[in-house]
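Asker: Structure in structure tokens, see below.
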Amino acid sequence: MSLYIRVLPLVQSDKLLRMTAKAFKMDLKNLSFLHNKAYVNGEWVSAKSGKTFNVLNPATGELIGDVPDMDLQDVQVAIKAAHDAFPSWSSITAKERGILLRKWYDLMEKNAEEIAKIVTLEAGKPLAESKGEVAYGNSFVDWFAEEARRIHGEVLQSPIKSKEMVLIKQPIGVAALITPWNFPQAMITRKAGAALAAGCTCVIKPAEDTPFTALALCDLAAQAGIPKGVINVVTSDRPNAPTVGKELCESPLIAGLSFTGSTEVGKLLYQQCASGIKRVGLELGGNAPFIVFNSADIDKAVDGAIASKFRNCGQTCVSANRFLIQDGIFDKFVEKLKERMINLKLGNGIQSDVNQGPLINKAQVNKVEGIVKDAVDKGATVVCGGQRATEIGEQFYQPTLLTNIKTDMLCYLEEIFGPVAVCIKFSSEDEAVTISNCTKRGLAGYFYSNDVTQVWRVAKKMEVGMVGVNEGIISSAEAAFGGIKESGIGREGSHHGIEEFVYVKYICFGNLQ
Ligand code: SIN
């Protein structure tokens, strides 16, 4: 079926779509996985109300298409579908589940180019980055396809002769997966891969800004033979999102929630899950320190800073948020970072030379603008950038470098989630560690040092769930991703990722003698 039928049945929309295609130099008719319906119980469905909402391209503001604006009754149907599918999905062997996941992975690999285009279209990422995200996202399904059959129990040493004791792991039931717009593909596969491998079924609620990637993944899951009801995607716009989210936390048919997003929303969902004592996995905001010590290789540190800060235009929860640079190399580091930043190329991510896309929506641009204004008003120095890049588009912000940072500035206190690098000078290791840890957040932290004793010491002292040592990009399916403090609960990826979706059952065999 062509995109025109699937996504934009209206004549007016069809015209808009062709304009978008022209602007993107991309033949959207070939994007065969772009669906304008939600996916529930193996069917492409509309909202019961018939309502839809528009999804816009953040680079151009143009309409990509519309999707169902689902509400309480729609999400209840999806939860019921996942609940009905659970007995059969959880009772096939782990090996069989692994084989189906592997088929899903193969199809995602085969169609990686197209999925990456959809990511760029709705999330605004440069295409090379979207390809990177898809490879990263696919790797979780690859990993969990293999991990499925390594969900082992334990045989215990019974202290009583007439008893034998074992622990087995069983899937928790229906998992609600609420996913963000900044990694519309990888955050779904990281959660759904683990949930499905464990034997859970799921209801996914993708972010309002990026529903098309989620729907494309359902198309491929269906082609892979993943049975109906095992994966469901419910799309809804901002006004309906709180009701849908609440039901995903409170429905008695839901066993657990896995959420990636802001700490504020995470706290709300956590509260809502409390009434039913639901299993909760939360990947929330960060405020990552990035320390560069005097002994560091400055060029490597600048490479790492660019990779970490400007991945997805700074809209990454593990992005470096505060650069702490030791006094002996401060000026040199700032100069080199500025040189690299002024050469970043902003634009529509579909163009091959672009490496900085737009911010996701107007609210995000306003937030970044407010953070920079607050810093400047309080005395920060703008080394480069400091403005919207309106000549490129409404949602673009110049890569911005700030120094003379004070502890009451928003850029110091809050997660920036945009292309703004702030550099703070420090003199001693203790001072750097103190500044690093003086936040309620504790997701990722980075430091560059060539002093081996310092490396181990500082890595242990940083109050974060993940540390990059002489490295700015740390994410991988093999690693345990997650935070401490207000950055979250639980781990994703690695063999720990599956633990979020199983519970341990103790079985005691008595009267054996
Ligand atoms: C995120 O920003 O939410 C995830 C980033 C990653 O997986 O590397």
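The values are calculated or read from the model by the stated rules, or taken from the named source; none is laboratory data. If you're wondering where the values come from, they're calculated on a predicted model, not measured in any experiment. FYI the Cβ positions are ideal-geometry reconstructions off the backbone, even for glycines, and counts take in every protein chain you see. The accessibility values were calculated without ligands, DNA or RNA, using every heavy atom of the protein model including side chains. Shrake-Rupley method; radii C 1.70, N 1.55, O 1.52, S 1.80 Å.
Asker: Enumerate the amide H contacts of residue 233 below 5 Å, restricted to partners 5 or more residues apart or on another chain; note that Pro and chain-start residues carry no placed amide H.
Answerer: Those qualifying (amide H under 5 Å, at least 5 residues apart or on another chain) are 39, 40, 204.
Asker: Okay, moving on. Lys/Arg Cβ at +1, Asp/Glu Cβ at -1, dipole of the chain taken about the Cα centre: which of 126, 389, 108 is farthest positive-ward?
Answerer: Ranked along the dipole, the leading option is 108.
Asker: Additional query: Rg and Dmax of the chain over Cα atoms: what are they, in angstrom?
Answerer: 23.5, 83
Asker: Follow-up question, since we're still on this one. Using the Cα centre as the reference, give the magnitude of the dipole from point charges on the C-beta atoms of the stretch 288-475 (Lys, Arg: +1; Asp, Glu: -1; all else neutral), rounded to the nearest 20 debye.
Answerer: Numbers: 21 positive and 22 negative charges, 63 e Å.
Taking the Cα centre of the stretch 288-475 as origin, the dipole is about 300 debye.
Asker: A further question on this structure: Just going by the charge dipole of the chain, with Lys and Arg at +1 and Asp and Glu at -1 on Cβ, which of 257, 325, 184 is farthest out on the positive end?
Answerer: 257
Asker: Moving on. I'd like the accessible area for residue 506, computed on protein heavy atoms only with a 1.4 Å probe and all protein chains in place. Round to 10 Å², please.
Answerer: Looks like 120 Å² after rounding.
Asker: Please calculate the 1.4 Å probe accessible area of residue 494, with all protein chains present, and give it to the nearest 10 Å².
Answerer: Result for residue 494: roughly 10 Å² accessible.
Asker: I would also like to ask the following. Nothing charged except the Cβ atoms of Lys and Arg (+1) and of Asp and Glu (-1): what's the magnitude of the dipole of the chain about its Cα centre? Round to the nearest 20 debye. Don't skip to the end; give the middle numbers.
Answerer: On the way: 56 positive and 57 negative charges, 157 e Å.
With Lys and Arg at +1 and Asp and Glu at -1, about 760 debye.
Asker: Note down the nm distance, to one decimal, between modelled labels 7 Å out along Cα→Cβ at residue 95 and at residue 128.
Answerer: 4.4
Asker: Residues of the chain: accessible area per residue at 1.4 Å, in Å²?
Answerer: The answer is 40 Å² per residue.
Asker: May I pose another question? Which one of 351, 365, 158 is farthest out on the positive end of the charge dipole of the chain, using unit charges on Cβ (Lys, Arg +1; Asp, Glu -1) and the Cα centre as origin?
Answerer: So the residue we want is 158.
Asker: Considering only protein heavy atoms and a probe of 1.4 Å, how much of the accessible area of the chain is carbon and sulfur, as a whole percent? Could the numbers behind the result be given before it?
Answerer: Details: 10860 of 20400 Å².
Carbon plus sulfur share of accessible area: 53 percent.
Asker: Let me ask something else about it. Under a 1.4 angstrom probe, counting protein chains only, how are 414, 500 ranked by accessible area, largest first?
Answerer: Sorted by accessible area, descending: 414, 500.
Asker: Now for a different question. Report the Cα centroid-to-centroid distance between the stretch 68-90 and the stretch 101-174 in angstrom, as an integer.
Answerer: Spelled out, the Cα-based centre of one part sits 21 Å from the other.
Asker: Which ³J(HN,Hα) values in Hz, rounded to whole numbers, follow from the phi angles of the stretch 282-299 under the Karplus curve 6.51 cos²θ - 1.76 cosθ + 1.60, where θ = phi - 60° and Gly and Pro get x?
Answerer: Ordered by residue, 3J(HN,Hα) equals 10, 10, 10, x, x, 8, 5, x, 9, 9, 10, 8, 4, 6, 5, 7, 5, 5 Hz.
Asker: Show 88, 32, 130 ordered by accessible area, largest first, where the area counts protein heavy atoms only and the probe is 1.4 Å.
Answerer: On the way: 88 70, 32 50, 130 0 Å².
Greatest to least solvent exposure: 88, 32, 130.
Asker: Now, a different point. For residue 471, list long-range residues whose amide hydrogen, built 1.01 Å from N in the peptide plane, is under 5 Å from its own amide hydrogen.
Answerer: 447
Asker: Restricting to DSSP loop positions (anything but H, G, I, E, B) with no more than 13 other Cβ atoms inside 10 Å of their own Cβ, which GluC sites (Glu not before Pro) remain in the stretch 425-479? Write down the numbers at each step before the final one.
Answerer: Details: sites: 429, 431, 463, 471, 478; in loops: 463, 471, 478.
The qualifying sites are 478.
Asker: Going by Cα centres, the stretch 342-374 and the stretch 201-270 are how many Å apart?
Answerer: Using only Cα atoms to place each centre, the spacing works out to 27 Å.
Asker: Also: Report residue 265's accessible area, 1.4 Å probe, all protein chains in place, as a number in Å² to the nearest 10.
Answerer: Around 70 Å² of this residue is reachable by solvent.
Asker: Something else now. Under the classification rounded if a/c is under 1.5, otherwise prolate if a/b is larger than b/c and oblate if not, where does the stretch 288-475 fall, given a ≥ b ≥ c as square roots of the Cα gyration tensor eigenvalues?
Answerer: prolate
Asker: Could you rank 279, 190 by how accessible they are, 1.4 Å probe, largest area first? Walk me through the numbers before you get to the answer.
Answerer: Values: 279 80, 190 5 Å².
Of 279, 190, the descending order of accessible area is 279, 190.
Asker: Taking H placed 1.01 Å from N in the peptide plane, check which residues at least 5 places from residue 257 or on another chain put their amide H under 5 Å from its amide H.
Answerer: Sorted by chain and number, the residues that satisfy this are 176, 279, 280, 281.
Asker: I've got another one for you. If you place +1 on the Cβ of every Lys and Arg and -1 on the Cβ of every Asp and Glu, how big does the dipole about the Cα centre of the stretch 367-513 come out, in debye to the nearest 20?
Answerer: Details: 14 positive and 19 negative charges, 54 e Å.
In total the dipole reaches around 260 debye.
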